[in-house]
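Report on the following structure.
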Amino acid sequence: MASSPSPSAADARARVLALREALAARVVVADGAMGTMLQAQEPTLEDFQDLEGCNEILNVTRPDIVRSVHDAYLEVGVDCVETNTFGANHTAASEYDIADRVHELSEAGARIAREAADDFTARTGRQRWVLGSMGPGTKLPTLGHIGYPVVRDGFQANAEGLLGGGADALIVETTQDLLQTKAAVVGARRAMEATGVQVPLLVSMAFETTGTMLLGSEIGAALTALEPLGIDMIGLNCSTGPAEMTEHLRYLARHARIPLLCMPNAGLPVLTKDGAHFPLDAEGLADAQQDFVRDYGLSLVGGCCGTTPEHLRQVVERVRGVVPAVREPRPEPGAASLYQTVPFRQDTSYLAIGERTNANGSRKFR
């Protein structure tokens, strides 16, 4: 006779099911910036274990600081908090020579967020969730900075730690390189298989002011490459403010089969003598997110760099209880290079697939 699942495992499955149902029925609100909130509390070099700037270390040395950030966002009514694990991946951790601590720091970060979310669920009677943050790292596999298997396996360790700590979903965010994104998605899938825990898998891309991702990928190429990986949601975060994300969201609203998300910065950063300043105020972010929900049917909204609890409080007020606009996407089958997508359309011309070659200029190619 099979044993019944443990109460904690059953509770986790119930939470995940509730999150899926919420994303399908209404607008879910995530939190805002983490790093600036942590730095504002002026952690010491000792807090960082002499690894200055490695915010993930605070998950084990100063969980009280990390918890206070989660609490600040939960107090203003957000549905989800992201874990303090943006840099808990192989390449970012390697910069501090702590790649062997990826799982530890990921699990610790998820546990802090889990405790905060559960406390507010109990206090308010409204379910709160944890999104396990999987940042992009510091090396681009497409450019040969690092091998794909190393990146993939590092993301698997990241995801296994997040799942072990109680994350209700995984969000691969601020992705800049489609190969790195694929490595993160595959690593996350392997982590789910290894742990036996199945959660929604979200992907959020970072587009530059040029209109493309860092390596030149257009929004169509990104959608064509990523949607077939079986992800649950796609969208944008970081890099720009909401104004610069409008056309990308319009494209996704027209063509993506899966739900959409958006977590912009508080506008484009303005460099001052005191560092970067983000000019978009709370009302401006709330206006933009309200418009995006109405025009493009977003299911998950939040904030990124420069956003504060006040930004998210106003977003919550605007979208709570709102049902996303119904989308009627028109998917366009095609194939994508790193840079652009090519629709599968029949016409009388021929389609050349390949690259320009120069036998005279390349002895190896000849």
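The values are calculated or read from the model by the stated rules, or taken from the named source; none is laboratory data. Computed from a predicted model, the values in this text were never measured in an experiment. Note: ideal-geometry Cβ built from the backbone for every residue, glycine included; neighbour counts use all protein chains shown. What goes into the accessible areas is simple: the full protein's heavy atoms, side chains included, and nothing from ligands, DNA or RNA. Shrake-Rupley method; radii C 1.70, N 1.55, O 1.52, S 1.80 Å.
Brief remarks follow.
- Residues of the range 143-174 that are more than 18 Å from VAL199 (Cα to Cα) and not in a strand (DSSP E or B): LEU143, GLY144, HIS145, ILE146, GLY147, TYR148, PRO149, VAL150, VAL151, ARG152, ASP153, GLY154.
- The set of residues in the range 190-206 that are of a type outside the set (Gly, Ala, Ser) and either open to solvent by 30 Å² or more (accessible area, probe 1.4 Å) or touching a strand residue (DSSP E or B) at 6+ places or on another chain (Cβ under 6 Å) (or both) comprises ARG190, GLU193, THR195, VAL197, GLN198, VAL199, PRO200, LEU201, LEU202, VAL203, MET205.
- Of all residues in the range 213-261 being part of a loop (DSSP other than H, G, I, E, B) and among the small types (Gly, Ala, Ser), the one that is nearest to the chain's Cα centre (by Cα): SER239
- Just one of the listed residues (THR44, THR61) is free of Cβ contacts under 8 Å to residues at least 60 places away in the same chain, farther than 20 Å from GLY306 by Cβ and open to solvent by 50 Å² or more (accessible area, probe 1.4 Å), namely THR44.
- Number of positions in the range 130-156 that are open to solvent by 30 Å² or more (accessible area, probe 1.4 Å) and touching a residue at least 60 places away in the same chain (Cβ under 8 Å): 4
- Restricting the range 239-248 to residues that are modelled with pLDDT of 95 or more and touching a Pro at 6+ places or on another chain (Cβ under 9 Å) leaves a set whose member that is surrounded by the fewest Cβ atoms within 10 Å (Cβ to Cβ) is ALA243.
- Which listed residue is out of contact with any Gly (no Cβ under 9 Å at 6 or more places or on another chain), hydrophobic (A, V, I, L, M, F, W, C) and touching a residue at least 60 places away in the same chain (Cβ under 8 Å), from ALA206, ALA194: ALA206
- Residue match in the range 282-291 (condition: modelled with pLDDT of 90 or more and in contact with a Lys or Arg (Cβ under 6 Å, 6 or more places away or on another chain)): yes
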